[in-house]
Amino acid sequence: MNRVKPTIYLDHAATTPLQPQVVLAMQPFLNEAFGNPSSIHQYGRKARAAVESARESIARSMGANPRELIFTGSGTEADNTAIIALALANQAKGRHIITSSIEHHAVLHACEYLQTLGFEVTYLPVDETGMVKVADVEQALRPDTILASIMYGNNEVGTLQPVQAIGNLLRERDILFHTDAVQVFGVLPMNVRELPVDMLSVSAHKINGPKGIGALYVAGHVHFHSFIHGGAQERKRRAGTENVAGIVGFAEAVKLLEQNRAASTAKYTALREAMLTVWRQAGIDFVVNGHPEQHMPHILNVSFPQVDTETMLLNLDIAGIAASSGSACTSGSLELSHVLLAMGLPMERAKSAVRFSFGLGNEIADAAKAAQEVVAIVQRMKPLSV
């Protein structure tokens, strides 16, 4: 069967297209300005100046000191660095870590790795909306707890966590706090001087920047062991020649999103409502997953109980619409989402959940067309349902 190339892209939580201005900003550092930032000659100095200018710009966007920002190869590396490097550096104080059951695998797998080294990890439950309870965090605290890692916003259902309250609690106990803010950065404003976090992970390709570049905010008082060895880059905290073009592109993407954040948020809210309106008017069976109020505007996770996830996604793809399940794909088949299972959703909802996520280039007409295609698929599959 010939597939139609997707014409409506609604999977921005997975990755985003590059802004044209980002490509232009990166271009000089892919050819003539190719110097190594560690070199002392003019080529190296130009590259170093570009890296530090970008660092200042990105740090300023989150209220950080530029010296507190470490460039990494991805959001995954930023999460791994925050959790593993910090745990190893502070294990003399304790070997207990707290996280949640709905974290990105970059956090969950890092914690599982630490368990093989003798660390103990408490995986907190969430309620049916995907939210961690502050009381559960408090109950899990122990004298040997050295770190808690709770994501800012969930990448599958969009639920925002009570990061402020959790951070305040942990500060009272002198326990370090890391948050994976990859999905939130750029969508919602944040300031690490006001947010009670010690480390925060972000990624460029979620905000119309290039792939292969992320960053980790590390508060000045935090001590951790270097995670990657082999050079003195990033003030000896992350070895390896800097991805200069990627870093420059990251900064340009941040600048653009800051200029357009309010308008983008309003548009995402309108796109979400446009899809929901079509489904309500059509009278099809659907359920929105995640918190009804505390959620990111660009992520809409919905279950259509009469059609399983894989069937829905394949039919949408044939219709030229790109969406996702948000969960893992192994050997050509979808695994049930660990997030939806942790939320305790009925199996019928977990097996029929689809994630639509909005971003650059999406218009109300796109959302309405995609929603109408969902209606057609549900109605087409209804006679086959049991």
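FYI, it's all coordinate maths here, none of it is from the lab. All figures in this text were calculated on a predicted structure; none of them were measured in a lab. Reconstructed Cβ throughout: ideal geometry from the backbone, glycine too, with neighbour counts over all protein chains shown.
Please find, in a Gaussian network model of the chain (springs between Cα atoms separated by less than 10 Å), the residue of VAL222, VAL339, VAL23 whose mean-square fluctuation is greatest.
In the Gaussian network model the winner is VAL222.
About its Cα centre, what dipole magnitude does the chain give when the only charges are +1 on Lys and Arg Cβ and -1 on Asp and Glu Cβ, stated in debye to the nearest 20?
Its charge dipole is roughly 840 debye.
Skipping prolines and chain starts, which residues have an amide H placed within reach, meaning under 5 Å, of the one on ILE213, given they are 5 or more residues away or on another chain?
For ILE213, whose amide H was placed from the backbone, the distant partners under 5 Å are ALA204, HIS205.
Work out from phi, with θ = phi - 60° and the Karplus expression 6.51 cos²θ - 1.76 cosθ + 1.60, the ³J(HN,Hα) of each residue of the stretch 355-369, listed in order in whole Hz, and give x for Gly and Pro.
With the stated coefficients, the stretch 355-369 comes to 9, 9, 9, 9, x, 3, x, 7, 10, 4, 4, 5, 4, 5, 5 Hz.
Assuming 0.36 nm per residue, please report the length gained on full extension of the stretch ASN36 to GLU172 beyond their Cα-Cα distance.
Values: separation 136, 0.36 × 136 = 48.96 nm, distance 4.36 nm.
Gain on stretching ASN36 to GLU172: 44.6 nm.
Test of understanding: what is the full-extension gain from HIS338 to ARG67, defined as 0.36 nm times their sequence separation minus their Cα-Cα distance? List each step's numbers first, then the result.
Working: separation 271, 0.36 × 271 = 97.56 nm, distance 3.61 nm.
Result for the pair: 93.9 nm of gain on full extension.
HIS295's amide H: which non-local residues (gap 5+, or another chain) put their own amide H closer than 5 Å, with H modeled 1.01 Å from N in plane and none for Pro or chain starts?
Close amide H contacts, sequence-distant or interchain: LEU160.
Net charge near HIS104: determine it from the other residues with C-beta under 11 Å of the C-beta of HIS104, scoring Lys and Arg +1 and Asp and Glu -1.
-4
Karplus couplings for the stretch 245-256 from phi (6.51 cos²θ - 1.76 cosθ + 1.60, θ = phi - 60°), rounded to Hz, Gly and Pro as x?
Per residue, the Karplus-derived 3J(HN,Hα) values read 4, x, 5, 4, x, 4, 5, 5, 5, 5, 4, 5 Hz.
What length, rounded to one decimal in nm, is gained on full extension from VAL287 through to GLU258, with 0.36 nm per residue of separation minus their alpha-carbon distance?
Values: separation 29, 0.36 × 29 = 10.44 nm, distance 3.27 nm.
My answer for the length gained is 7.2 nm.
Run the reach check for LYS382 against aspartates and glutamates, Cα to Cα strictly under 15 Å, same-chain hits fewer than 8 apart removed. What comes back?
Result set, ordered by chain and number: ASP285, ASP308, GLU348, GLU373.
Would the chain count as rounded, prolate or oblate if I go by the C-alpha gyration tensor, calling it rounded below 1.5 in a/c and otherwise prolate when a/b exceeds b/c, oblate otherwise? Before the final figure, lay out each step's value.
Working: a/c = 2.05, a/b = 1.30, b/c = 1.57.
In terms of gyration-tensor shape, oblate.
If the elastic network links every pair of Cα atoms under 10 Å, which of THR179, THR311, THR15 fluctuates the most in the Gaussian network model of the chain?
Of the options given, THR311 has the highest mean-square fluctuation.
Using a simple spin-label model with points 7 Å from Cα along the Cα→Cβ vector, what separation in nm is obtained for GLU138 and TYR43?
Simple spin-label model gives 6.0 nm for this pair.
Residue by residue, what Karplus-based ³J(HN,Hα) values in Hz, rounded to whole numbers, does the stretch 122-130 have, using 6.51, -1.76 and 1.60 with θ = phi - 60° and x for Gly and Pro?
9, 9, 6, x, 10, 7, 5, 9, x
Determine the percent antiparallel among the DSSP beta bridges restricted to the stretch 20-255, to the nearest 5.
Values: 10 of 26 bridges.
Here the share of antiparallel DSSP bridges comes out near 40 percent.
Select from the stretch 1-67 those GluC sites (Glu not before Pro) which occupy a DSSP coil region and have at most 12 other Cβ atoms within 10 Å, ordered by residue number. Let's see the in-between values first.
Details: sites: GLU32, GLU52, GLU56; in loops: GLU32.
Listed in order of number, the matching sites are GLU32.
Which one, MET199, MET62, MET296, has the greatest fluctuation when you compute a Gaussian network model over the chain with C-alpha springs under 10 angstrom?
The residue that fluctuates most here is MET62.
Hey, what did the chain get for relative contact order, percent, Cα under 8 Å, at least 6 apart? Walk me through the numbers on the way to the answer.
Details: 771 pairs, mean separation 92.6, N = 386.
This gives 24 percent for the chain.
Can you list residues whose amide H is under 5 Å from THR122's amide H, if they're 5+ apart or on another chain and H is modeled 1.01 Å from N?
ILE97, ILE98, THR99
Between GLN91 and GLU363, what is the label-point separation in nm under the 7 Å Cα-to-beta-carbon projection?
Inter-label distance under the simple model: 5.7 nm.
Do any of LYS211/LYS255; LYS133/LYS211; LYS133/LYS369; LYS211/LYS369; LYS211/LYS351; LYS206/LYS267 go past 27 Å between their Cα atoms, and which?
Going by Cα-Cα distance, LYS133/LYS211; LYS133/LYS369; LYS211/LYS369; LYS211/LYS351 fall outside the 27 Å limit.
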